[in-house]
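The values are calculated or read from the model by the stated rules, or taken from the named source; none is laboratory data. None of the values given here were measured: they were computed from a predicted structure. Don't worry about glycine lacking a Cβ; one is built from the backbone with ideal geometry, like all the others, and counts go over all protein chains shown.
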Amino acid sequence: MKTKLLLILFLSLYTATFAQFKDDEECVSKELSDRELQKLPWYGNNEFLYKYLAEKGYYNETKNNILYRVPIKFWIYRKKNKTGGVNELGIKRLMNDLNYYNISNKTGIVYYVSGIKYINKDKRSKLGYYVEAPMLTIFRKSKGCINVHITDMLRKRKLRRRTNIRGTYNTVTKAVILQSEQSKTSLTHEIGHYFGLLHPHRNYKKRKGKQEAVSRTRKFKGLIKSELICETNGDALCDTHAEPKLSKYVSSNCTFTGANLKDKWGDNYKSSVNNIMSYPAYRKCRTTFTKGQIAVMLYTASRNKNKCAWSTNCKKGKAYKRQYNFDVYEPDNTMKMASMISLNNQQYHTFHKIYKGKNKKETDKDIDWLKFKLNSTNKDKIVITTDDGKFAKSNIEMFLYDQNGNLITQSKAGSSTKVTMRASNLVRGWYYIKVNKTNKIASPNIADYKIIVTIKK
Ligand SMILES: [Zn+2]
């Protein structure tokens, strides 16, 4: 065990030293070596990826497009007085953004929070990039999920210069490390690395043998190599453009300003600026994954040892029991993370399973928090009602709180899926609903319910 740890440590230090000789990048992930890349089935054969998508039924619109649900464990480094890092609202925002960019790009992967661990130590609110951060990610690691570490500052010191790094993915410990202030797509980008994606500008400064050509039809001339250049050089994907590192070549209105630059074959760059794996200085420009990138992520997920636990199709044995079916309002397990429900609009929620404790035993004690706002003091009766969902029936109990956390009322102890809670004379402000399930549901089933808040005269 010790040898293994030492080896990992050595490797991460090696990785770090290696990165030292690269440009200053905002996301300093060590990428695959050329030799590792050459082993991948789409290297020199991008057709593989499109066939893969077809095989997985990806193009079949009638099919549920979600192939994997992947849990994320957050490790939040903050000051002793619990300031800094991100709070639960921040985590909810990170998760919403992550799922937004995955769903809008139809990547087939969605994410949920499997746990949050706060580390309240002053010295950890600034992490050193080379040693401290990799070390922490060796020891703070939960199984079966993607570990995401968040600190106020991730610092790289090079000679006398200090650079702050917005985020990175450590290929050795397989951890994502982010600064607490990042762009909306930072987490999506780093998880893109976790699922095998490379920067589209990879090797853009290198010679002909490694640089990606602008032309999509240009081939190597020679006996050894005859593939399309865009299928082997750069990120080895032809459906992402060849591009320079975009930091200097994108304007604030997201247009490409590097059209005068030429590749080694003399063609002018015609880069797109919206790829999530690119580096436009204005991160708001990043919105898109290509089909090739989506296929790489799905293929990489299919080779992960947790694939069955994450898959929505794996129905065999233990793994199936570990299925999660979280709803679009997650994470909403605490009052601070409550999701919004507008009046008279029915919502659909699930009670998914959650990991608990050191042995990662699962429980189905998922709690949902919702909130609604009254814009004026309301003399009428507020009625909150739940109803059957699609899956197993759950006995529900509800609690209503004001914005200071004072209990206003509660439903009868849960003995039915259909429960009602009433309150009147509520003053203007936010109100919070906690929904519990009081019966156990046998695995692999899952319980769910519908809920609505109405005003009755
Ligand atoms: Zn990156």
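Give the residues of region 1-60 that are within 16 Å of the ligand (Cβ to nearest atom) and at pLDDT 90 or above, sorted by residue number.
LEU37
Quick one: which residue in ASN260, ASN253 is away from the ligand (no atom under 16 Å from the Cβ) and under 30 Å from the mean Cα position of the chain (by Cα)? Give the steps one after another, and end with the answer.
On the way: ASN260 fails: under 30 Å from the mean Cα position of the chain (by Cα).
The match here is ASN253.
Here's a check for you: in region 269-318, which residue that is part of a helix (DSSP H, G or I), within 16 Å of the ligand (Cβ to nearest atom) and of a type in the set (A, V, I, L, M, F, W, C) is nearest to ILE66 (Cα to Cα)?
MET297
Select from region 271-297 the residues that are closer than 17 Å to ARG166 by Cα and either of a type in the set (D, E, K, R) or touching a residue at least 60 places away in the same chain (Cβ under 8 Å) (or both) and list them in ascending order. Spell out the reasoning first.
Step one: of region 271-297, the residues closer than 17 Å to ARG166 by Cα are 276-286.
Correct list: ILE276, MET277, SER278, TYR279, ARG283, LYS284, ARG286.
Do any residues in region 251-267 that are at positive phi have Cβ atoms under 9 Å from those of residues that are assigned to a loop (DSSP other than H, G, I, E, B), where the two are at least six apart or on different chains, and which pairs are they?
Between residues of region 251-267 that are at positive phi and residues that are assigned to a loop (DSSP other than H, G, I, E, B), the close pairs are CYS254/VAL273; CYS254/ASN274; CYS254/PRO280; CYS254/TYR282.
Filtering region 179-203 down to residues that are more than 11 Å from the ligand (Cβ to nearest atom) and in contact (Cβ under 8 Å) with a residue 40 or more places away in the chain, which residue is surrounded by the most Cβ atoms within 10 Å (Cβ to Cβ)?
Step one: list which residues in region 179-203 are more than 11 Å from the ligand (Cβ to nearest atom), which gives 179-184, 187, 195-196, 203.
Okay, now just the ones that are also in contact (Cβ under 8 Å) with a residue 40 or more places away in the chain, so 180, 183-184, 187, 195-196.
Working: SER180: 19, SER183: 16, LYS184: 17, LEU187: 23, PHE195: 20, GLY196: 18.
So the residue we want is LEU187.
Yes/no matrix, rows are residues, columns are (1) in contact with a Pro (Cβ under 6 Å, 6 or more places away or on another chain); (2) surrounded by fewer than 23 Cβ atoms within 10 Å (Cβ to Cβ); (3) closer than 30 Å to LYS371 by Cβ; (4) of a type outside the set (A, V, I, L, M):
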position	(1), (2), (3), (4)
ASN96	no, yes, yes, yes
LYS126	no, yes, no, yes
MET135	no, yes, no, no
ARG157	no, yes, no, yes
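Scan (1) under 30 Å from GLU47 (Cβ atoms); (2) at pLDDT below 90 for the single condition LYS291 breaks and write down its number.
Among (1) under 30 Å from GLU47 (Cβ atoms); (2) at pLDDT below 90, LYS291 violates only (2).
Please list, ordered by residue number, the strands (runs of 3 or more DSSP E) wholly in region 84-193 having 1 or more residues that are modelled with pLDDT of 90 or more and under 27 Å from HIS352 (Cβ atoms).
Details: elements: 109-120, 126-128, 146-151, 153-158, 161-164, 167-170, 175-179.
It comes to 109-120, 146-151, 167-170, 175-179.
Any residue at all in region 221-232 that's over 26 Å from the mean Cα position of the chain (by Cα), part of a strand (DSSP E or B), at negative phi and touching a residue at least 40 places away in the same chain (Cβ under 8 Å)? Quick ask: steps written out before the conclusion?
Narrowing region 221-232 to residues over 26 Å from the mean Cα position of the chain (by Cα): 221-232.
Those left that are additionally part of a strand (DSSP E or B): 228.
Checking which are at negative phi leaves us with 228.
Next cut, touching a residue at least 40 places away in the same chain (Cβ under 8 Å) only: 228.
The answer is yes, given that some residue of region 221-232 is over 26 Å from the mean Cα position of the chain (by Cα), part of a strand (DSSP E or B), at negative phi and touching a residue at least 40 places away in the same chain (Cβ under 8 Å).
Within region 203-221, can one find any residue that is closer than 30 Å to ALA175 by Cβ and acidic (Asp, Glu)?
Here is the first cut: in region 203-221, the residues closer than 30 Å to ALA175 by Cβ are 203-206, 210, 212.
Of the ones still in play, those that are also acidic (Asp, Glu) are 212.
Yes; the residues of region 203-221 include at least one that is closer than 30 Å to ALA175 by Cβ and acidic (Asp, Glu).
Taking region 187-212, which residues are in contact with a Pro (Cβ under 9 Å, 6 or more places away or on another chain) and of a type in the set (D, E, K, R)? Give the derivation first.
Within region 187-212, the first condition is being in contact with a Pro (Cβ under 9 Å, 6 or more places away or on another chain), and the residues that meet it are 201, 204-205, 212.
If the condition is that a residue be in contact with a Pro (Cβ under 9 Å, 6 or more places away or on another chain) and of a type in the set (D, E, K, R), then LYS205, GLU212 are the ones that fit.
Only one residue in TYR169, TYR111 is more than 16 Å from the ligand (Cβ to nearest atom), in contact (Cβ under 8 Å) with a residue 60 or more places away in the chain, surrounded by 21 or more Cβ atoms within 10 Å (Cβ to Cβ) and closer than 28 Å to LYS305 by Cβ, so which one is that? Talk me through it step by step, then tell me what you get.
On the way: TYR169 fails: more than 16 Å from the ligand (Cβ to nearest atom).
The match here is TYR111.
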